[in-house]
Structure formats: structure tokens, C-alpha cells
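Below is one structure; the comments refer to it alone.
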């Protein structure tokens, strides 16, 4: 395989119909790794971090996470309660102790801010 063919192969989209099969010799023993980390005093638990791995989309994922992190705290809370927690506006209002209209407004501002920030990134790339 020459360079051009290798590059084309690496940059080609994956085939979602093809099953993902781990190598027979792969040892994906995550519980064992957790025990090792615990014996070391759980150094991974001391850091607020997200590991973004894979071959495609790392930049976009990092940009989205940064945009969410930069939201004002009340907007970020409302956005994450809906996006990650699956809460409806009524539930967000009740959980955060604000009115329905305030929760709805926080979500709207958060979405608009994220939309603007991510559109800026599209234009920069």
C-alpha cells in the first residue's frame, strides 16, 4: 500500500454495518486497571478532566466541551440538566428552585450562546 492509499484508508469514514471486533489477543481488563489505580491512591480522581480519544472529531468535541464550560453557571446547569439529565423545563425549574420562565430563559440563552460559539468555529476551520 502506498502513502496515498494508506491516507485514503485512514481518512475514509468507518463502515457502520461492519461489526467492531476486538483483537483476540487484546486484554481489555478495565476492572484490573481500576484496582491498580486504587492501590496508587486513585490519582485519576484528583483531576477534573475529560479524555477525548479516537480518530475523528476530537477538535469538535473539545470545542463543544469548552463552549459548555464557558457558559454562565446558571445557564450551564440548566443546559446539562436537560442534555445529560433528560429533564424537562418543569423539572429543571423545580430542581434549581426557579420559575418555569426563568428555567426556559436560561436554556434559551445557553442554546443560543452555544450555537453562536460553534458557528464561529465552523467559520474558522
Qualifying position, being part of a helix (DSSP H, G or I), modelled with pLDDT under 95, more than 30 Å from residue 12 (Cα to Cα) and out of contact with any strand residue (DSSP E or B) (no Cβ under 7 Å at 6 or more places or on another chain), among 94, 113, 105:
113
Every residue in region 67-119 that is more than 29 Å from residue 57 (Cα to Cα) and either surrounded by 15 or more Cβ atoms within 10 Å (Cβ to Cβ) or in contact (Cβ under 8 Å) with a residue 40 or more places away in the chain (or both), please.
89, 92, 93, 96, 98, 102, 103, 104, 105
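Every residue in region 55-77 that is under 30 Å from residue 98 (Cα atoms) and outside any helix (DSSP H, G or I), please.
Across region 55-77, the qualifying residues are 70, 71, 72.
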Checking residue 52 against (1) in a loop (DSSP other than H, G, I, E, B); (2) modelled with pLDDT under 80; (3) surrounded by fewer than 11 Cβ atoms within 10 Å (Cβ to Cβ), which test does it fail?
(3)
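The values are calculated or read from the model by the stated rules, or taken from the named source; none is laboratory data. In this text, all values refer to a predicted model and were calculated from it rather than measured experimentally. Methodologically, a virtual Cβ is constructed for each residue, glycine included, from the backbone with ideal geometry; neighbour enumeration extends over all protein chains shown.
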